[in-house]
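The values are calculated or read from the model by the stated rules, or taken from the named source; none is laboratory data. Computed from a prediction, not measured in an experiment: that's the story for all the values here. Using ideal geometry, Cβ is built from the backbone for each residue, glycine included, and neighbour counts are taken over all protein chains shown. In case anyone asks, the SASA skips ligands and DNA or RNA and just uses the protein heavy atoms, side chains included. Shrake-Rupley method; radii C 1.70, N 1.55, O 1.52, S 1.80 Å.
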Amino acid sequence: MTVEDLRTGSGARTSPLDTLERLESEAIHIFREVAGEFDRPVILFSGGKDSTLLLHLAVKAFWPAPVPFPLLHVDTGHNFEEVIEFRDRVVARHGLRLEVARVQDYLDDGRLAERPDGTRNPLQTVPLLDAITTHKFDAVFGGGRRDEERARAKERIFSLRNAFGQWEPRRQRPELWNLYNGRHRPGEHVRVFPLSNWTELDVWHYIAREGIELPSIYYAHRREVYLRDGMWLAEGPWGGPRGGEELVTKTVRYRTVGDGSCTGAVESDAADIEAVIAEVAASRLTERGATRADDRLSEAAMEDRKREGYF
């Protein structure tokens, strides 16, 4: 390096990390911190885009060793077939163990009852907490992001949950200089959110850069849907059109995937990832705000569920 290099700061200077590299580095650091601090972590995996990204980052974090954690899917039974087929294919590809906690089992034996509105998303809490207790999971990775919803914007990356799985805002710890406190009492556990600082647009840019496969319903396709409360819902085992609602065929895609009874599609011609990125960049609504009816039950719907033990 010459004197001129030193004066101008050129020469062997390393270029700064771009946004995606910083986010990837942070997420990988979080995965490795959890592996070092906890005994029985688990990754929530539904086959949706955020949990698929989470698994991709976990594979990177421990490569060439296998991912040292099992996966857990809290299955409402109201799933899109394309997503379940994709979920099982990904699990088999990576040789992972998948635990499934089924809401239907709880309905069949009377531990839960169907809701009048037919949605099962709020019914996931009890099977989730039971699975955590049964398997003694002490750290549970989720794909929640702070830009999704106001209640999630309050969440720490390491979110302490009490012995009943409940979120208590006053007990959350500061997270300065990328230092995370995983201490917890017996019976408690920590929810971990490596994607906290990602946006929906970051997720899609990273999926494009890494060539990550997703379920086909994230891209434009023809589907029979009906309009309810401003959202296009699909007919399925969870039900269909009610009085005054009519099935029509539309070109749609899904921005988020959940219980079929409350997850809406958006009209879209975005059939490839470049078109999806352009569409998301122009949107002024988060994917949950635009397509999740369960978040519209009340202004505090998500926060109420978080306090009960949901993500």
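Keeping all protein chains in place, calculate the accessible area per residue for the stretch 72-171 (probe 1.4 angstrom), answer in Å².
47 Å²
What translational D, rounded to a whole number of µm²/s, comes out for the stretch 79-191 from Stokes-Einstein when the hydrodynamic radius is the Kirkwood one over Cα pairs, at 25 °C and 0.890 mPa s?
Details: Rh = 16.5 Å.
This corresponds to a translational diffusion coefficient of 148 µm²/s.
Convert 20 °C to kelvin, take the viscosity as 1.002 mPa s, use the Kirkwood radius over C-alpha pairs of the stretch 112-168 as Rh, and evaluate the Stokes-Einstein diffusion coefficient in µm²/s, rounded to a whole number. Don't skip to the answer; put the middle values down first.
Details: Rh = 13.3 Å.
In µm²/s, the coefficient is 161.
Of all alpha-carbon pairs in the stretch 152-223, indicate the percentage at a distance above 15 angstrom.
On the way: 1673 of 2556 pairs.
Result for the distance tail: 65 percent.
About the Cα centre of the stretch 216-296, what is the dipole size in debye to 20, counting +1 per Lys and Arg Cβ and -1 per Asp and Glu Cβ, all else neutral?
Working: 11 positive and 14 negative charges, 25 e Å.
The calculation lands at about 120 debye.
If you take the C-alpha gyration tensor of the stretch 216-296, multiply each eigenvalue by 5 and take the square root, what semi-axes do you get, largest first, in whole Å? Before the final figure, lay out each step's value.
Working: eigenvalues 89, 40, 22 Å².
Semi-axis lengths for the stretch 216-296 are 21, 14, 10 Å.
Taking all protein chains in place and a 1.4 Å probe, what share, in percent, of the accessible surface of the stretch 216-296 do carbon and sulfur account for? Present the calculation step by step, with values, prior to reporting the outcome.
Numbers: 1790 of 3660 Å².
Answer for the stretch 216-296 is 49 percent, counting heavy atoms of protein chains only.
Could you work out the pair-distance distribution P(r) of the stretch 36-131 from its alpha-carbon pairs, with 5 angstrom bin width and percents rounded to whole numbers?
2, 12, 21, 22, 17, 13, 7, 4, 1, 0
Could you report the stretch 216-296's accessible area per residue, 1.4 Å probe, as an integer in Å²?
Working: 3660 Å² over 81 residues.
I get 45 Å² per residue for this part.
Which one of LEU227, GLY211, HIS189 is farthest out on the positive end of the charge dipole of the stretch 153-275, using unit charges on Cβ (Lys, Arg +1; Asp, Glu -1) and the Cα centre as origin?
Checked the options; the winner is HIS189.
When the accessible area of the stretch 105-207 is computed with all protein chains present and a 1.4 Å probe, what percentage of it is carbon and sulfur?
Values: 2600 of 4840 Å².
Roughly 54 percent, rounded to a whole number.
Go ahead and run the numbers for FRET between ALA35 and ARG111, Cβ-Cβ distance against an R0 of 41 Å, rounding to 0.05. Write down the numbers at each step before the final one.
Details: r = 33 Å, r/R0 = 0.81.
Given R0 = 41 Å and the Cβ-Cβ separation, E is 0.80.
Where the centre of each part is set by its Cα atoms, how far does the stretch 88-128 sit from the stretch 27-56, in angstrom?
19 Å
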